[in-house]
Structure formats: structure tokens, C-alpha cells
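Let me begin by presenting the structure, written as C-alpha cells, before commenting on it.
The values are calculated or read from the model by the stated rules, or taken from the named source; none is laboratory data. Computed from a predicted structure; not experimentally measured. Glycine gets a Cβ as well: all are built from the backbone with ideal geometry, and neighbour counts include every protein chain shown. Only protein heavy atoms, including side chains, enter the accessible area calculation; ligands, DNA and RNA are left aside. Shrake-Rupley method; radii C 1.70, N 1.55, O 1.52, S 1.80 Å.
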Amino acid sequence: MSLVKGRPQSLVDAAGTPVSQLFVGVGWDNSTGGKKGLAGRFARAKGVDLDLACLVYDNTGAGVRVCGFDSMSLYNGALAHSGDNRTGKGDGIDESITATLDQVQANISSLVFTLNAFKKGVSFASIAGADCHLVDTSGGQHQVLDVFSVPIDDTRKSTIFMAKVTRGGGGWNVEVLNEMADVDGQAALLQKGKRYT
């Protein structure tokens, strides 16, 4: 699967089988935050506490829940967050959410995945880049569907709307959003995310 921003695609594997469990992971690389010398090395070593979240919308377009580090399991585990990574240190995926799509309630129509810099003193200026990983984990497999970089072109903004998954055509569709926005907290995040449902 090779996703293009703004173009929804059926969420199926290479054989055309609908994906029943989707793993959405994000990994970020710490930067010096524009600082030089020892201060820059310290900033990189300290790390950055970004937060992955999944916004949940029902079939009326209303935002109903947020799956994140402070609400790690929704709908009896149909949405499950890996936990809060407070530094982003090391290689690979720093935070993830597993969506067991065939167990998501029937009245839920959209899942919007975001990366957020809400905590005091945290901004996207402190990272060198971030990647979103979409992996089919249906039936215990691990098939990478796509990996794409997310934008950090305006570090004054607090949120990146990365991707959305929506019901349609008897299954689920996936679409890259890759848009930054300035959002203040979870209630505002749900409200802002409505535009993607």
C-alpha cells in the first residue's frame, strides 16, 4: 500500500483481505532544539514527551472519546494505547495504538490519529522528524502497510492530524491527512478533528 495525502484507500492487505486489526505507531527523533554545544547535547539527551492519540467519532460526526496515554483502553480493548513515552529516546516506534477494527462498536464511523505537543515546555521544535507506521496485525501477523513522515513545518502549532480510518463500502478506508493545527487540550482536539469525519 502506498498512501497519498487526501486520497482514501480501502484498508486491505496485499491479497485484498480486509484488515481487521491495525497498528498505528509513531516514532520521533529528538533534536537539539536549535541549541548549540553542551546545551544542545543536553536537550537531545533529555528527550521530548509527545503524545499519540486516537479521536473517536460516531456516525453522526460527534466526537465521543479519545484513546491516549490517560485513557489507554476503549471499547473492551478494541482501541489500546501502548503507554506514555516521555522521552522518545531510542530507535523505532515510541508510542502506538492498536485498533481491532472488527470489534469497534457499529455506531463508530471514524478514527482520527494525532500526534500532540500539549505538555508544558514541549513543542515540535524539539524533534528532528517523526514517522507514522501503519501495520496490519490481523491474526498475529506483522505486515507493514505504509510508513510516512509527518510535517513539522510550523513548530508553533501543537497537533499533527496524521491519518484517519473510516467505515465505508462494507469495510474500512484509510487516508493520510498530514496537517498541523494549533489546539488547546482534548476537548478542542475532538472539536477540531470533526472536519476530517
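Before moving on, here are some points about what is shown:
- Extended-chain gain in nm, criterion 0.36 nm per residue less alpha-carbon gap, ASP29 and ASP13: 2.9 nm
- Applying 1/(1 + (r/R0)^6) with R0 = 41 Å to the Cβ-Cβ distance of GLN191 and GLN141 gives a FRET efficiency near 0.70.
- The modelled label-to-label distance between MET1 and SER73, using points 7 Å beyond Cα along the C-beta direction, is 2.6 nm.
- When you restrict to C-alpha pairs under 8 Å that are six or more residues apart and normalise by the size of the chain, the relative contact order lands at 28 percent.
- Rounded accessible area per residue of the range 68-142, 1.4 Å, Å²: 44 Å²
- Sorted largest first, the spans of the alpha carbon positions of the range 99-181 along the three principal axes are 41, 28, 20 Å.
- Read-out Cα extents along the principal axes in Å, derived from the coordinates shown; its label in (1) 55, 34, 30; (2) 51, 44, 22; (3) 47, 34, 33: (1)
- To the nearest ten degrees, helix 37-46 and the longest principal axis of the Cα atoms of the chain are 30 degrees apart.
- With 26 Å as the limit on Cα-Cα distance, the pairs of LYS157/LYS194; LYS5/LYS119; LYS5/LYS157; LYS5/LYS89; LYS5/LYS120 that go past it are LYS5/LYS119; LYS5/LYS89; LYS5/LYS120.
- The chain - Cys residues lacking any other Cys C-beta under 4.7 Å: CYS132
- Here the accessible area of the chain is 47 percent carbon and sulfur, with a 1.4 angstrom probe and all protein chains present.
- Between the C-alpha center of the range 106-180 and that of the range 55-76 there is a gap of 15 Å.
- Here the gap between LYS89 and ALA125, fully extended at 0.36 nm per residue and compared with their Cα-Cα distance, gives a gain of 11.4 nm.
- Sorted peptide list for 185-191, 161-167, criterion being average Cβ within 10 angstrom, highest first: 161-167, 185-191
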